[in-house]
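The block underneath contains the structure these notes are about, expressed in structure tokens.
Laboratory data are not the source of any read-out in this text; all were calculated from the coordinates shown. Fair warning: this is a prediction, and the values are worked out from it, not measured in the lab. FYI the Cβ positions are ideal-geometry reconstructions off the backbone, even for glycines, and counts take in every protein chain you see.
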Amino acid sequence: MGALDGKIAVITGGGTGIGLAIAERFANEGAEVVIAGRRQQRLEDAAAQLGHGVRGVVTDVGDDAQVKRLIDSVPRVDLLVTCAGGAVFGAVETVPSKAWRDLFSDRFFGQLSACHYAVPKMAAGSAIILCSGIAGHAALVNYSGGAGLCGAVNAMGRSLSVELAPKGIRVNVLSPGLTRDTAIDWGVPPEQLGAFMDSLVSNIPLKRPGTVRDMADAAYFLATCSYATGQVIDIDGGWTAV
Ligand SMILES: NC(=O)c1ccc[n+]([C@@H]2O[C@H](COP(=O)([O-])OP(=O)(O)OC[C@H]3O[C@@H](n4cnc5c(N)ncnc54)[C@H](OP(=O)(O)O)[C@@H]3O)[C@@H](O)[C@H]2O)c1
């Protein structure tokens with residue numbers, strides 16, 4: 001018997017990184033898992049890797065009609081996890097403003113649209129886990145648009161938690177710190193990545209990046225703790241504590 005037996009989980013960004021680790025954890029706990037991303041082959045490979053009947057639905061979360069189609073593909077939603085999207089790094093005067101608009105299209109409106117279509121299919125006892133990042137709380141150089149995005153998602157999550165509490169739907173925000181083993185584009189050349197990571201790790205009291213498994217542990221907690229709602233959980237090795 002798994003803790004999530006009989007639950008239907010929709011996980012955007014579930015083909016790689018944090019979303020994939022959450023999909024694995026939920027599937028191992030008995031959930032019927034649907035993963036979404038833009039690349040069909042990646043989703044097929046991930047589904048084959050995870051087993052447990054995990055299936056992929058090709059979805060660009062920046063396209064409202066595709067988000068609707070994703071939610072239409074399931075009879076109900078017990079767990080909605082919205083990890084899809086990337087990051088935009090760079091000095092404010094150099095990043096093209098379209099990159100920030102696309103970032104918000106995918107990671108803000110993509111998450112809000114998923115909630116819009118999923119909530120009518122969610123019964124009391126179901127849960128939404130949004131995804132932001134610690135830039136919503138900690139200043140990072142060359143990440144102004146991402147910081148704004150993370151803060152917006154945190155605010156959206158708190159507001160939705162109060163709005164949806166009367167329906168018995170819990171809403172929380174997973175806010176990852178620096179997390180390795182993901183496909184995220186840090187915006188630095190490969191030969192500089194090691195030094196860049198070391199400079200970020202120097203901010204972390206635990207002196208290591210997080211793993212995708214650390215993030216999946218947090219998502220599992222948020223999926224199963226029936227009294228947790230309205231929270232933004234920074235999983236960051238203590239970065240935002242100092
Ligand atoms: N890694 C970190 O240190 C860190 C820190 C804070 C926050 N985060 C956030 O955590 C979330 C998960 O990221 P990750 O680190 O696991 O990176 P990742 O491995 O790059 O995962 C992002 C996933 O989102 C999918 N995706 C991107 N744009 C999409 C779109 N428009 N529609 C549908 N799917 C889309 C990607 O698949 P396709 O390319 O196939 O679409 C990919 O599977 C992201 O929102 C990221 O910004 C990460």
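Against the empirical 2.2 N^0.38 Å (N residues), the stretch 8-235 has a Cα radius of gyration ratio of 0.96. Couplings 3J(HN,Hα) for the stretch 39-54, derived from phi with the Karplus relation 6.51 cos²θ - 1.76 cosθ + 1.60 (θ = phi - 60°), are 9, 4, 4, 4, 5, 5, 5, 5, 4, 5, 5, 7, x, 6, x, 4 Hz, where x marks Gly and Pro. The relative contact order of the stretch 127-188 comes to 43 percent, based on Cα pairs under 8 Å that sit 6 or more residues apart.
If you wrap the stretch 58-138 in the convex hull of its Cα atoms and look at it from every side, the mean projected area works out to 6.3 nm².
Across the chain, C-alpha contacts under 8 Å between residues 6 or more apart give a mean separation that, scaled by the residue count, equals a relative contact order of 20 percent. Spin-label pair A3-D181: with each label point 7 Å from Cα along the Cα-Cβ axis, the two points sit 1.9 nm from one another.
Size descriptor for the stretch 154-242, Kirkwood hydrodynamic radius: 14.7 Å (Cα pairs only, one decimal). Straight-line cross-link partners of K121 among the aspartates and glutamates, defined as a Cα under 12 Å from its Cα and at least 8 positions apart when in the same chain: D72, D78. 3J(HN,Hα) along the stretch 85-99: x, x, 9, 10, 10, x, 5, 4, 7, 10, 6, x, 4, 4, 4 Hz, from the Karplus curve 6.51 cos²θ - 1.76 cosθ + 1.60 with θ = phi - 60°, whole Hz, x for Gly and Pro. Residues whose amide H comes within less than 5 Å of that of G14, counting only those at least five positions distant or on another chain, are A36 (H built at 1.01 Å from N in the peptide plane). Estimated at 0.36 nm per residue, the fully extended path between Q41 and A99 surpasses their Cα-Cα distance by 18.3 nm.
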